[in-house]
Amino acid sequence: MSRLVKASALLVVALIWATATLSQDVRSPILTIDSERFYRDSAFGQRVLAEIEEQTTILAEDNRRLEAELEAEEQALTDQRPDMEPEAFRALADAFDARVEGIRNEREARSRRIADLLEENRDRFLVSAAPVLEVIMREAGAGVILEQRSVFVSANAIDITDLAISRMDATLGDGAEQQ
């Protein structure tokens, strides 16, 4: 591609961006949104992500504590082995293995519940966002909102992420009182 063509393309994009930026009332048949930032930077998303982080941290600390306890228990069992009958040792070892397996299953279930909670809250946010996004589309005369990361080039003025966040915060807040 020649330098002239590249320069012309950049000039066109700059003019579109400048024109759209100067206009307070964005009118475009196509809008873009960064859906990850829309969720993450909203009051609702920030609350949920903080709660998930807190639960994940508690789970990790609890896992480390349990791991240390189980290692100590395993070492004590190993230390007892030379003084025990093989059948008695096997019974204790089997009971220990069953306990470890139960703990592992409980930990995995707890981790899945945290992941499910994150997904449920994200779904709840997106359901609540639909009417807000529809209003923004109508105001802009848009027929579609595209995910910003799947758009190769666009004018920043058609990005409604900040507007959508502010409207969701005004509509839903952090969502804590609605749980």
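The values are calculated or read from the model by the stated rules, or taken from the named source; none is laboratory data. If you're wondering where the values come from, they're calculated on a predicted model, not measured in any experiment. As a convention, Cβ positions derive from the backbone with ideal geometry for all residues, glycine included, and neighbour counts pool all protein chains shown. We work out accessible area using only protein heavy atoms, side chains counted, and drop any ligands, DNA or RNA first. Shrake-Rupley method; radii C 1.70, N 1.55, O 1.52, S 1.80 Å.
Summary of computed values
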item: Förster-model FRET efficiency, 25 Å R0, residue 66 and residue 124, C-beta, rounded to 0.05; result: 0.20
item: Charge sum, other residues only, whose C-beta stays under 14 Å from residue 161's C-beta, Lys/Arg counted +1 and Asp/Glu -1; result: -3
item: Additional length obtainable on full extension of the chain from residue 153 to residue 97, 0.36 nm per residue less Cα span; result: 14.5 nm
item: Backbone HN-Hα couplings from phi across region 158-167 [Karplus 6.51/-1.76/1.60, Hz, Gly and Pro as x]; result: 8, 7, 9, 4, 4, 4, 5, 4, 5, 6
item: Counted charge near residue 87, where neighbours are those whose Cβ lies closer than 15 Å (Asp, Glu -1; Lys, Arg +1); result: -1
item: Calculated from backbone phi, Karplus (6.51, -1.76, 1.60) coupling profile of region 98-103 in Hz, x at Gly/Pro; result: 5, 5, 4, 5, x, 5
item: Surrounding net charge for residue 171, when Lys and Arg each add one and Asp and Glu each subtract one, Cβ distance under 14 Å; result: -2
item: 84, 168, reordered so the largest accessible area comes first (probe 1.4 Å); result: 84, 168
item: Nearest-0.05 FRET efficiency for residue 85 and residue 54, computed from C-beta distance (R0 45 Å); result: 0.40
item: Accessible area (Å², 1.4 Å probe, nearest 10) - residue 145; result: 40
item: Long-range amide H partners of residue 159 with built H, under 5 Å; result: 32
item: Cα centroid separation, region 37-94 to region 149-179 (Å); result: 38
item: Estimated distance in nm for a label pair at residue 171 and residue 146, the labels positioned 7 Å out from Cα along Cα-to-Cβ; result: 2.3
item: Cα→Cβ-extended label distance, 7 Å offset, between residue 30 and residue 77, nm; result: 6.2
item: Mean Cβ count within 10 Å, highest first, over the residues of peptides 34-45, 60-71; result: 34-45, 60-71
